[in-house]
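**Student:** So that we are looking at the same thing, I have put the structure below in structure tokens.
The values are calculated or read from the model by the stated rules, or taken from the named source; none is laboratory data. This is a predicted model, so every value here is computed, not measured. Cβ coordinates were reconstructed from backbone atoms using ideal geometry, including for glycine residues, and neighbour counts include every protein chain displayed.
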Amino acid sequence: MSEKTHQIEGDEYEDNHDPKVMGLMDHLDEMRSRIVKSILAILALFVTTFGFANEVLLFLSKPLLAITPEGANPLHFTGPLEVFVAQIKVSFLTAVVASCPIWFYQFWRFIEPALYENERKYILPFAFASASLFLGGVGFCFFIMLPMALEFLMGLGPQAGIVSILTVSEYISFLMILILGFGLIFETPVVLVLLAMLDLITAEGLSRNRKIILVGILTVGAIITPPDPLSQIMMAVPTYLMFELSILFIKMIQKGNKETMPQVTK
């Protein structure tokens, strides 16, 4: 086959250029496309939810209202733009959480070319599992961890003889960090399975380092949760259980790869 040459801005190059360079460029184009689609989905939901920002803010304030004396106003604002900024934050948080099935699906479609042929059938199940775990982490945080955290943290002021004044912007910022943090932490099984599918870790390696990983889980739990043992345990237990579940899934995938490897290499 004869080599073809092309003229681009006065410089010639041959068709036998490095395929890795073109592969990289294609990969970057694919990543840009997936990111743009995810951002558009978030923006669309942001615009939709902005009209209901006050209702969402009231719903998100329920854990705080539950520990506030009846008739007291737990949230305050200190500037003319603070409520508006809080509405933007609430709408953004709602849009990110509500659109997670879309941007998780885009993420897994981006990862798809790096997987073996027999592993690509897991794309849709993993996208569903990722979104489910993320939403599970959000729900666990809001309905279980957040009330405990607020009761502990808001109780520190009165114990020291200090009147607690919480602004709406501070509350929403605290809420965003906690909710998104727990949502991402609950992605532990998916992240570990992905690393195993990319041949970066093995089930045997994870099993050998259980103690180190347990210490890491407890450390992260101590950073994210309020500084009391109960909150840390409630954070660490489901995370560690998901870690053990990840090992089982990785073993299943590795077993499937060994069984199909001769067919792939033909």
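**Student:** If you check every pair at least six apart or on different chains, which have Cβ atoms under 7 Å apart with a residue in segment 176-205 that is buried (at least 19 other Cβ atoms within 10 Å of the Cβ) first and a residue that is modelled with pLDDT of 85 or more and charged (D, E, K, R) second?
**Tutor:** So the pair list comes out as Ala203/Lys251.
**Student:** Just to confirm my filter: which helices (runs of 4 or more DSSP H) fall fully inside segment 127-244 and include at least 2 residues that are among the small types (Gly, Ala, Ser) and at pLDDT 85 or above? Can you show your working first?
**Tutor:** Details: elements: 146-154, 156-159, 168-185, 188-197, 203-208, 210-224.
Result: 168-185, 203-208.
**Student:** Answer yes or no as to whether Met197 is touching a Lys or Arg at 6+ places or on another chain (Cβ under 7 Å) and at negative phi. Break it down into steps so the answer makes sense when it comes.
**Tutor:** Values: touching a Lys or Arg at 6+ places or on another chain (Cβ under 7 Å): no; at negative phi: yes.
Spelling it out, it is not the case that Met197 is touching a Lys or Arg at 6+ places or on another chain (Cβ under 7 Å) and at negative phi.
**Student:** Small (Gly, Ala, Ser), at pLDDT 90 or above and in contact with a strand residue (DSSP E or B) (Cβ under 8 Å, 6 or more places away or on another chain): which single residue out of Ser91, Ser38, Ser61, Ser99 fits that description?
**Tutor:** Going through Ser91, Ser38, Ser61, Ser99 in turn, the sole match is Ser61.
Results for (1) at pLDDT 85 or above; (2) surrounded by 13 or more Cβ atoms within 10 Å (Cβ to Cβ); (3) not hydroxyl-bearing (Ser, Thr, Tyr), shown as yes or no for each residue.
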position: Lys20; (1), (2), (3): no, no, yes
position: Gly51; (1), (2), (3): yes, no, yes
position: Glu55; (1), (2), (3): yes, no, yes
position: Leu75; (1), (2), (3): no, yes, yes
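**Student:** Among (1) crowded, with 16+ Cβ neighbours inside 10 Å; (2) at pLDDT below 90, there is one condition Gly256 misses while meeting the rest; what is its number?
**Tutor:** In the conditions (1) crowded, with 16+ Cβ neighbours inside 10 Å; (2) at pLDDT below 90, Gly256 misses (1) alone.
**Student:** Can you name the condition, by its number, that Thr68 falls short on among (1) assigned to a loop (DSSP other than H, G, I, E, B); (2) more than 25 Å from Thr167 (Cβ to Cβ)?
**Tutor:** Failing condition for Thr68: (2).
**Student:** Quick one: how many residues across segment 71-94 are in a helix (DSSP H, G or I) and in contact (Cβ under 8 Å) with a residue 24 or more places away in the chain?
**Tutor:** Total satisfying the criteria: 12.
**Student:** Next up: Quick check on segment 77-91: of everything there that is farther than 9 Å from Ser169 by Cβ and of a type outside the set (Phe, Trp, Tyr), which residue is surrounded by the fewest Cβ atoms within 10 Å (Cβ to Cβ)?
**Tutor:** Pro80
**Student:** Test Glu14 against the criterion of being modelled with pLDDT under 90, touching a Lys or Arg at 6+ places or on another chain (Cβ under 8 Å) and either over 17 Å from Met176 (Cα atoms) or loosely packed, with under 13 Cβ neighbours inside 10 Å (or both), and give yes or no.
**Tutor:** So Glu14 fits the description; yes.
**Student:** Let me ask something else. Give me the pairs: first residue in segment 100-116 and under 15 Å from Leu133 (Cα atoms), second residue among the polar types (S, T, N, Q) and surrounded by fewer than 16 Cβ atoms within 10 Å (Cβ to Cβ), beta-carbon distance under 8 Å, and six or more apart or on different chains, which are they?
**Tutor:** Sorted first by the residue in segment 100-116, then by its partner, the list stays empty.
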